[in-house]
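The values are calculated or read from the model by the stated rules, or taken from the named source; none is laboratory data. None of the values given here were measured: they were computed from a predicted structure. With ideal geometry, Cβ positions are generated from the backbone for all residues, glycine too; neighbour counts draw on all protein chains shown. We work out accessible area using only protein heavy atoms, side chains counted, and drop any ligands, DNA or RNA first. Shrake-Rupley method; radii C 1.70, N 1.55, O 1.52, S 1.80 Å.
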Amino acid sequence: MSFRTKFILTLLSATLTLYTAVGGWISTRAQQPANDPNAQLRIFESVLQHIQSDYVDEPNMDKVRAGALRGLAYGLDPYSTYLTPEQVKDFNAGNKDNLVGIGAELSQVASYLYVIAPMKGSPADLAGIKAGDIIEYIDNKATRDISLYDAKQLLNGAAGTEVKLRILRANSSPLTISVKRGAARAATAEGRLEATKVGILRINSFADGEANDVRTRLQDLIKQGAQKIVVDMRDTAGGSLTEAVTVANLFIKDGVLAETVGREGKALKTFTADPKATIFNGPVVALIDNGTAGAAEVVASALMDRNRGQVVGEKSFGAGTEQQLFTLRGGDGLLLTTGKWASSNGKTFLGEDRQHSGVTPNVEVEGQEVSDAVDPDDLTGNDDDAITKPDQQNDKHDANTTPTNKPATEDLQLKKALELVNKAPVPRAA
């Protein structure tokens, strides 16, 4: 059965098109305020009546209810989701089965599973998964059919087992890559000193404890004579808000560094710099790109908002949310986003759409691989197409193909960052 057919039968599982589906039934829809809860309830009541009275078969109302709840959550953001009773139990129990994934930060774009960035050295990275890839299929399951939460569960499994992914990539034919699941820990921070006494600080992760490692690398650069710093956070996604604030504080000695905001833009928590935690006062330039998301966006925005340094590169992806599980009477639940990470001026990194998400750098420079990203809206999503499923198609790149490394090209973003930081004067010692 194709995705479109399943969509029509379940009806309520795609809330985003609900008004179109019931427009012929509800003549007063145009007069009803979009965010009036009572008006929305009347629409759902009418839909349920039509399902019970007019659907060709006896409907399974438990399935209808689950489909409706999935659709409701789907209409919010990629990180809010409906959980079955079994998923609620697993969520509350934690990872008791010691399942592992592929080591990539993921989101959804136009209903497809989207790779924000793979962790350096992770199974995904080693297999050739790249930032900006769209995962169309996980084994034989179309990602356009499922939530981000469900997709992540499909990617998880016992260490050493393989999962087959069908990848859509810009300027490339579709390819299938097998990834061996395994525990992934991002590489630690790296540092090197340029001849001009500019330290290049590469941050690969903002996972718990990584801020201390970043501090150590920065101290090493200072001891080696670094007077200026370039902080490279390209393709660094996910991580902890607390770790990000700690890293930003290494360079910024006062003021608000970040916030978490709730309903109506109300600040839930404010993170302020501690002057005693700052260890570098020289010129700073940060590097970001489309694979930068979450904690790294906190650091980049703080440098700009506090006028501490310029940010070079491409607009970041836009992520950083906090969820809360609300258990329902049937044992199932809704995992809802109740807070968003925001810059010191209150602008959330995850906006209402991609256009309003992310951090825009002071100086925009395209990456060394200049190409248009895959546009998911142009994809058919046709599950009946025999070439689309991993075990039914003959992609040019088979599961065991080692990705071809292109000749090294000049890093224009780093070049620009070095140009800017070299022009900045070194402050006199107090």
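Can you give the local net charge around Arg192? Use residues other than it whose beta-carbon is closer than 11 angstrom to its beta-carbon, Lys and Arg +1, Asp and Glu -1. All intermediate terms of the calculation are to be shown ahead of the outcome.
Numbers: positive: Arg202, Arg217; negative: Glu190, Glu194, Asp220, Asp232.
With Lys, Arg at +1 and Asp, Glu at -1, the neighbours total -2.
Assuming R0 = 22 Å, what is the FRET efficiency of Thr360 and Asn307, from their Cβ-Cβ distance, to the nearest 0.05?
Working: r = 16 Å, r/R0 = 0.72.
Here the calculated transfer efficiency is 0.90.
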**Request:** Please give the solvent-accessible surface of Met61 in Å², to the nearest 10, using a probe radius of 1.4 Å with every protein chain present.
**Result:** 70 Å²
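Could the peptides 97-108, 291-302 be put in order, highest first, of the mean number of other beta-carbon atoms found within 10 Å of their residues? Please report the intermediate quantities before stating the final value.
Details: 97-108: 20.2, 291-302: 29.8.
Highest mean packing first, the order is 291-302, 97-108.
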**Asked** Which of rounded, prolate, oblate describes the stretch 31-86, given a ≥ b ≥ c as roots of the alpha-carbon gyration tensor eigenvalues and a/c under 1.5 marking rounded, otherwise prolate only if a/b is larger than b/c?
**Response** oblate
**Asked** Any idea how far apart Glu162 and Asp274 come out in nm if each label point goes 7 Å out from Cα toward Cβ?
**Response** 4.9 nm
**Message:** Order 241-254, 154-167 from most to least packed using the mean count of other Cβ atoms within 10 Å.
**Reply:** 241-254, 154-167
**Prompt:** Which lysines does Lys141 reach when only Cα atoms under 21 Å apart count, and residues fewer than 8 places away in its own chain are ignored?
**Reply:** Lys6, Lys63, Lys130, Lys152, Lys164, Lys180, Lys389, Lys396
**Asked** For the stretch 75-181, with only Lys/Arg (+1) and Asp/Glu (-1) charged at the beta-carbon, what is the dipole magnitude about the Cα centre, in debye rounded to 20?
**Response** 260 debye
